[in-house]
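Input: a single structure, listed below in structure tokens.
The values are calculated or read from the model by the stated rules, or taken from the named source; none is laboratory data. Please read all numbers here as calculations on a predicted model, not as lab measurements. Glycine also receives a Cβ, built like all others from the backbone with ideal geometry; neighbour counts cover every protein chain displayed. Please note that ligands, DNA and RNA were not included when accessible areas were found on the heavy atoms of the full protein model with its side chains. Shrake-Rupley method; radii C 1.70, N 1.55, O 1.52, S 1.80 Å.
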Amino acid sequence: MEIFEYIFMRKAFLAGIIVAIIIPCIGVIIVLKRLSMIGDALSHTSLAGVAAGLILNINPVIGAMIVCVAAALSIESIRKRLPRYSEMSIAIIMSLGIGLAGILSDYVKTPASFDSFLFGSIIAITDLELYLIVGLGALVLTVFILLYKELFYIAFDTQGARLSGVKVQVVNTIFTILTAIAISLAAKIVGALLVSSLIVLPVACSMQISKSYLQTIIYAIIFAVASTIIGLFLSFYQGFKPGSIIALIGVFSFLAVLLIKTIYKKAKKLKTKNQ
Amino acid sequence: MEDIIKVNDLYFSYGTHPVLRRLDFYLRQGEFVAILGSNGSGKSTLLKILLGQLQADQGCIELFGQDIKRFKDYNRIGYVAQNSISLCSNFPAKVIEIVGLGLYGSPFKNKKQQALQALEAVGMQDYAHSLIGKLSGGQKQRVMLAKALASNCDLLILDEPTTGVDSQTTEHIYQILKDKTTQQGKTVLIVTHDQECAARYCSRILCLGAGSLLYLTKEQVLLEQKYKHKHTETEDGNGDI
């Protein structure tokens, strides 16, 4: 196929699929903990790291990752101090991140590089970025598998998990760092403005049809990988921005799943009635 | 019999608002004890202190003979929280996956079998592969009880586990708990508003009011229940008095 003759597209597929595997793993826990907005906050805040990276002449993905980890830990810290109004922590850090990103972006000498992080730049992935995505993606996935039971228990019942001997504080801190790493990698692929679509939409689709927790994770990965592959094909042949088209495919998939589910339920009801 | 819980001279307040005052009580192995009390009397606060989520202002608490400040074996305690039904709503997991969480860190080899046995104990074995979110409130409550039972813990603490559950399921839950104490020597502490069930199934009843505990006999509880019932009937115009 013509698309695979280009090195940049092969890189794009590899990076896109890795991110599409790790993000739903993180996304399932985020959605079940009712923290969907954290994805938006961290991805928007990562822009401050991108700008700082471009100014300081270090790789923007590394800059985004450092700022993302700091922001995620700050959100956790504020959440602990304001347990009754924990969602405020997300708004506080997002305001700080976007404010900083806006000011720092004025000092970036190559505005095009900064803009590419808004909607993603999957087709301009450098070798270093690809190594980062492969290495850190493997790390995120390995830690997620190792902490599978603990994360499941905390997502369901934090208090119960603590009583059963789960080291909730440690697991939460590790998960916060994993989230920050995954989001800063995804920001490069789909763009900081669209990361939450990759976190929430595959999980939302999966939750409509899954019959178990494990299935929820597997189906979410399938939805995310499928959206990314279709998105990359459309972007190559139709010239769409990859991040934007991947996000739109996610939304249409969700609507399609909802529609099919409703039709299936009605058909089943009708069948039972006729019997 | 070993003292599973021993509380001496316990004080607790939220800021300047005192909740528990000079509280003394004990719970021995194999007992099924109910704590009654009106809303806001401090029942859930007491449980939170026992579970290490809140720290007492003053007093001495021992769990399994150990000072609560040094106590780490919380996996010996099974807990069913007041909000346990709400945890299950729309959660995308199978019943057996949820019950399996209760076996976290347990040494059992066949955890699936253990989880199924716990479900069988609460009469929910046929729902093992159903989605937890699709069950009724009473069924969810029984699953949460199975999760606590699966851990094979020595002490079960339940915070209003039969709220919103029909009377038949409530009786069933109390019977399961009673069997656990009489047949397996487990200890159960239940916070409830259900005076009738408490009087019928529990070995002792404590009443929490104005921050202090009062020991009640079953006869006292039943008499109060009877009086309340008659009083309500009189107000409705249907009573004999």
Alpha-carbon centroids, the stretch A:189-212 and the stretch A:106-121: separation in whole Å: 25 Å
Once A and B are treated as a pair rather than alone, how much accessible area drops out, both sides summed, in Å² to 100, probe 1.4 Å? 2000 Å²
Calculated log₁₀ intensity ratio I(q)/I(0) where the Debye formula runs over C-alpha points of the stretch B:1-126, q = 0.11 Å⁻¹: -0.52
Taking R0 as 41 Å, what FRET efficiency do you get between A:Met1 and B:Asp166 from their Cβ-Cβ distance, rounded to the nearest 0.05? 0.10
Determine the per residue accessible area of chain A with all protein chains present and a 1.4 angstrom probe, expressed in square angstrom. 47 Å²
Quick one: if you stick a label point 7 Å off each Cα along the C-beta vector at A:Ile230 and A:Ala91, how many nm between them? 3.6 nm
Using only alpha carbon pairs under 8 Å that are at least six residues apart, calculate the relative contact order of chain A and give it in whole percent. 29 percent
Between A:Asp127 and B:Lys134, what is the label-point separation in nm under the 7 Å Cα-to-beta-carbon projection? 5.3 nm
Counted charge near A:Ile133, where neighbours are those whose Cβ lies closer than 12 Å (Asp, Glu -1; Lys, Arg +1): 0
Here the stretch A:215-222 yields Karplus 3J(HN,Hα) values (6.51, -1.76, 1.60; θ = phi - 60°; whole Hz; Gly and Pro given as x) of 4, 4, 5, 5, 5, 4, 5, 4
Which positions within the stretch A:154-200 get 40 Å² or more of their accessible surface covered by the other protein chains, compared to the chain by itself, with a 1.4 angstrom probe? A:Phe156, A:Gln159, A:Leu163, A:Ser164
Within 10 Å, at most 16 other Cβ atoms, and a DSSP state outside H, G, I, E, B define an exposed site. Report the longest part of chain B free of exposed trypsin sites (Lys or Arg not before Pro). B:110-241
Mind checking the mean number of beta-carbon atoms from other chains within 10 Å of the Cβ atoms in A:210-219? 4
Take the Cβ-Cβ distance between A:Phe240 and A:Leu146 as r, set R0 to 41 Å, and report the resulting FRET efficiency rounded to the nearest 0.05. 0.65
Separation of the B:Asp3 and A:Asn57 label points, Cα + 7 Å toward Cβ, nm: 7.2 nm
Within the stretch B:6-39, which residues have the backbone N less than 17 Å from the label spot 7 Å out from B:Leu54 along Cα→beta-carbon, could you tell me? B:7-25, B:35-39
